[in-house]
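For reference, the structure discussed in these notes is given below.
The values are calculated or read from the model by the stated rules, or taken from the named source; none is laboratory data. Note that the structure is predicted; figures quoted are calculated from it, not measured. Note: ideal-geometry Cβ built from the backbone for every residue, glycine included; neighbour counts use all protein chains shown.
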Amino acid sequence: MEKRKLGRSGLEFAPIAFGGNVFGWTADEATSHRILDAFVDAGFSFIDTADVYSRWKPGNKGGESETVIGSWLKKNPAKRDKVLIATKCGMDMPNVGQGLSAAHIKRSVEDSLKRLNTDRIDLFQSHRDDKTTPQEETLSTYGELVKAGKLRFIGASNFEAPRLAEAAKIAKEKGLPRYESLQPHYNLVERGLFEGALEDECLKEGIGVIPYYSLASGFLSGKYRSEADAADKARGAGVKKYINDKGFGVLKALDAAARKHNANATQVALAWLMQRKAITAPIVSATSLDQLKDLLAAPSIKLDPESVAAIDKASAPA
């Protein structure tokens with residue numbers, strides 16, 4: 001299977017990243033463990049999570065996803081060297097705080113290591129920018145933790161182009177760790193959120209890109225074709241803004257490409273992302289083995305130029 005390298009780091013992995021936001025939320029521990037086993041057994045390795053996953057579920061307080069991954073690693077210690085664990089800090093954790101200050105990062109890393117049941121984190125990401133903390137303080141703190149062996153590489157999420165460029169400049173000038181990756185909101189119906197200055201910065205600096213919401217909360221799977229569909233689904237509220245002529249045009253182009261490649265809309269939408277020059281791997285989630293199997297077939301699809309052109313045209317930002 002094709003491997004992708006994340007930025008200038010030494011992290012290489014098959015071009016699908018699993019989004020652990022579902023662990024402890026819509027997938028219980030037993031289901032999550034089965035999904036993780038199947039994901040790794042299929043030759044994939046990148047598992048993305050965050051300290052705040054999934055504090056939004058009633059009764060949760062954050063840390064549930066990391067805890068599920070940690071219990072899986074405890075049961076399967078031999079698999080630790082087969083996976084790349086990526087997590088994040090920076091968003092508000094109850095009774096812990098938020099931001100990218102030295103103190104908060106150090107506490108967050110220790111908490112994540114404990115929940116994940118591991119001695120190192122392969123990719124630790126700033127979940128969102130913190131303009132109240134100097135970037136040099138943040139990067140210096142990461143440098144200490146890298147030297148201590150607790151972190152291997154660092155990445156950013158939800159950063160704007162100027163701030164990402166500033167971080168790259170500071171890292172180079174001060175000899176500090178640089179952000180090897182960016183995790184942006186990016187998909188076929190939200191191209192304008194990444195394409196342009198942010199994509200240009202990533203290409204210029206050789207920053208790997210692992211986009212979230214790769215399927216636009218499920219819209220690009222094709223299962224939402226009307227207002228009624230959205231009303232009946234748990235995530236329907238998140239896709240209503242795509243149920244319009246533009247969204248239907250994108251689905252039509254995906255359907256046409258799917259017929260040509262003996263695939264489905266989900267797989268084509270992911271294949272389109274993987275064929276973008278700037279993209280390292282899209283982040284996807286599944287709550288069942290059948291869903292996972294469907295997603296993991298996407299890397300084998302190589303879209304022909306005509307299909308890519310049609311999808312590009314239908315999804316072009318206004």
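One table, with the values for the structure above:
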{"item": "Segment 140-181 - residue that is of a type in the set (S, T, N, Q) and more than 15 Å from K106 (Cα to Cα) and, of those, surrounded by the fewest Cβ atoms within 10 Å (Cβ to Cβ)", "result": "N158"}
{"item": "Conditions (1) touching a strand residue (DSSP E or B) at 6+ places or on another chain (Cβ under 6 Å); (2) farther than 23 Å from A298 by Cα; (3) of a type outside the set (A, V, I, L, M, F, W, C); (4) surrounded by fewer than 24 Cβ atoms within 10 Å (Cβ to Cβ); number of the one not met by P77", "result": "(1)"}
{"item": "Failed item in (1) out of contact with any Asp or Glu (no Cβ under 9 Å at 6 or more places or on another chain); (2) farther than 26 Å from D312 by Cβ; (3) outside any helix (DSSP H, G or I); (4) at pLDDT 95 or above, with L176 passing the rest", "result": "(1)"}
{"item": "Some residue of segment 226-240 being among the aliphatic types (A, V, I, L, M), part of a loop (DSSP other than H, G, I, E, B) and farther than 30 Å from G7 by Cβ", "result": "yes"}
{"item": "Pairs where the first residue, in segment 66-92, is farther than 21 Å from L11 by Cα and the second is aromatic (F, W, Y), C-beta under 8 Å, 6+ apart", "result": "V68/F23"}
{"item": "Matching entry among A257, A281, A310, A297 (being in contact (Cβ under 8 Å) with a residue 40 or more places away in the chain and under 20 Å from the mean Cα position of the chain (by Cα))", "result": "A281"}
{"item": "Subset of segment 192-221 that is touching a residue at least 40 places away in the same chain (Cβ under 8 Å) and surrounded by fewer than 18 Cβ atoms within 10 Å (Cβ to Cβ) - its residue that is nearest to A86 (Cα to Cα)", "result": "G206"}
{"item": "So L36, is it assigned to a helix (DSSP H, G or I), surrounded by fewer than 22 Cβ atoms within 10 Å (Cβ to Cβ) and within 21 Å of the chain's Cα centre (by Cα)", "result": "no"}
{"item": "Subset tally (residues that are part of a loop (DSSP other than H, G, I, E, B) and more than 19 Å from D51 (Cα to Cα)) for segment 128-155", "result": "6"}
{"item": "Pick from segment 190-214, criterion within 17 Å of F46 (Cβ to Cβ) and of a type outside the set (S, T, N, Q), ranking: farthest from the chain's Cα centre (by Cα)", "result": "I207"}
{"item": "Residue satisfying condition, being closer than 18 Å to P177 by Cα and not hydrophobic (A, V, I, L, M, F, W, C), within set P94, P134, P58", "result": "P134"}
{"item": "Qualifying residue in segment 155-175 (condition: out of contact with any strand residue (DSSP E or B) (no Cβ under 8 Å at 6 or more places or on another chain), free of Cβ contacts under 8 Å to residues at least 24 places away in the same chain and among the hydrophobic types (A, V, I, L, M, F, W, C))", "result": "no"}
